[in-house]
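To start, the structure itself, in structure tokens.
The values are calculated or read from the model by the stated rules, or taken from the named source; none is laboratory data. Keep in mind the model is a prediction, meaning the values are calculated, not measured. All Cβ positions, even for glycine, are placed from backbone atoms using ideal geometry, and neighbour counts span all protein chains on display.
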Amino acid sequence: MKLIIILLFPVLLIGQTAKEGKEFKSKVDFAYMNAMKGVAFALENIPERKNSLSKDLIAKNKLIATIKINKEHGGLIIYSTGYYDTYKVTTEIYRDYNSLKEEGFIEYIPHD
């Protein structure tokens, strides 16, 4: 009986570790997807007059993403932090005004 328990114990540990690894990856992926939702929101809502903007995206009483947009000389920087449970993923996107105009996110290139 002890031999069977000793042989099954490593199998149980390996199965549990593999399951935890898959759960970790899926939760980080959800946090990353929420960060990218923040980037999409930021690109659709670029402020025309302000040099910076901060927003929180909330759905179903949960914080999905925190977004900060900073206009710089020649382009803008988008900081987006996506949340899922206790996981947090931060992305930082740099875009120049020429590419934003070509893609239709802005109508004109601002002059500093």
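Structure notes:
- Verdict on N70 being loosely packed, with under 15 Cβ neighbours inside 10 Å and at pLDDT below 90: no
- The residues of segment 68-92 that are in a strand (DSSP E or B) and farther than 18 Å from D29 by Cα, listed by number, are K68, I69, N70, K71, E72, G75, L76, I77, I78.
- Residue within segment 39-55 that is modelled with pLDDT under 90 and among the basic types (K, R) present: yes
- Pairs meeting the criteria (first residue in segment 51-62 and under 14 Å from G82 (Cα atoms), second residue among the polar types (S, T, N, Q) and surrounded by 12 or more Cβ atoms within 10 Å (Cβ to Cβ), beta carbons under 7 Å, at least 6 apart or on different chains) are D56/T66.
- So Y97, is it over 23 Å from M33 (Cα atoms) and buried (at least 18 other Cβ atoms within 10 Å of the Cβ): yes
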